[in-house]
1. Hey, how many Å between the Cα centroid of the range 401-416 and the Cα centroid of the range 240-270?
2. Ranked from highest to lowest mean number of other Cβ atoms within 10 Å per residue, what is the order of the peptides 187-197, 361-371, 384-394, 400-410?
3. Taking Cα pairs under 8 Å and at least six residues apart, what relative contact order does the range 258-321 come out at, in percent?
4. Can you list, bin by bin at 10 Å, the percent of alpha carbon pairs in the range 205-323, starting at 0?
5. Write down the radius of gyration of the range 360-425 and its Dmax, each obtained from C-alpha positions, in Å.
6. If we sort 307-320, 202-215 on the protection proxy, mean other Cβ atoms within 10 Å, highest first, what's the order?
7. How many percent of the alpha carbon pairs in the range 121-214 exceed a separation of 24 Å?
8. Provide the gained length on full extension for the span residue 137 to residue 220, in nm with one decimal, where the gain is 0.36 nm per separating residue minus the Cα-Cα distance.
């Protein structure tokens, strides 16, 4: 099947195996200079537990790790004032950090403060409590999204309504120390192995953003890490990368049906938060420029949701607006192939996604949507959004997951400026 791709610029070619024509349109980008002070203050107020005045720095929340540095507005010093007009007036706290600011893989001027310092406004969860899916009757709601992590025989759901308020959960799953992370401003959910060079780290929210995305820090070295990519960007671990673990964004209804013996993160987090309220509800406009973003790729709406995946060295974005009508995409780049599934629970905007290697028992499968089912063209077996064959000759078989994410377009494009866009068959 031929596919239409919108390429990043003139002269791109993707090879015969991609069975696609490259549309050679440039990447128009428009300037997005935010009024940082006012917007950052509003964000801090929205994220604070009691709606503290925007002009105040909230006190540290309960549950902070001992030794976490503190800083107040009076201690704040800027690492730059007017070196960059785009970031004029934007500050981040230098005092209280043990970070080696002389070591950085990105310009420091790309980083700006967006919330209270280090865990105070947005505290990570360090001692997560889980309850069995079967005992979770009233919450989450069926249309709520969860980050689904399956490792060996363990399946856990991390509800987005909790992650919006905490952004990081330090956990151990099947013996592996993991960080389940979510940036509400980018809609980016990424799960990392917390080990670097054999050493285990735990992570917190720095209070800073880059390209509108969460900047994490590890509490052991105070290195700063980009949540979207897992790259160390400032400090001792600058230039290193965390290993990304495949996870999926599913509706709670889909997770519950697929993992009846699974576990779900409890609202008993040790913090007082209104998990039924979205603190970012005013940030949902599809064309609203995010804070601390310098310019945005204009090929799609700023907050168009896309499934983002990198295959054969090519970054590809699959817009939800296309996937909603098609539901299945068989995609190839060079010798590598993936299949992209999108499933609607029929509830609000709760779409579950999955990206898989379509090779099963040495054969490359292709897929089609048949009503509400995913069916392979070779055997007619029926598959779930989790890549499992539920019926047919291949029943019981599974495809390998491919790391991917459901992102807002502006964020995917910021970190993948050469991305192609899938435009349909």
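1. Answer, in whole Å: 19.
2. Per-residue mean Cβ counts within 10 Å order the peptides as 400-410, 187-197, 384-394, 361-371.
3. 19 percent
4. Bin by bin from 0 Å, the calculated values are 10, 26, 40, 23, 1.
5. Rg, Dmax (Cα atoms, Å): 15.2, 43.
6. The packing order, highest mean first, is 202-215, 307-320.
7. 22 percent
8. Additional length available on full extension: 26.0 nm.
No lab work stands behind these numbers, since they all come straight from the coordinates. The shown structure was predicted, so the numbers you read here are calculated from the model rather than taken from an experiment. All Cβ positions, glycine included, derive from the backbone under ideal geometry; neighbour counts span all protein chains shown.
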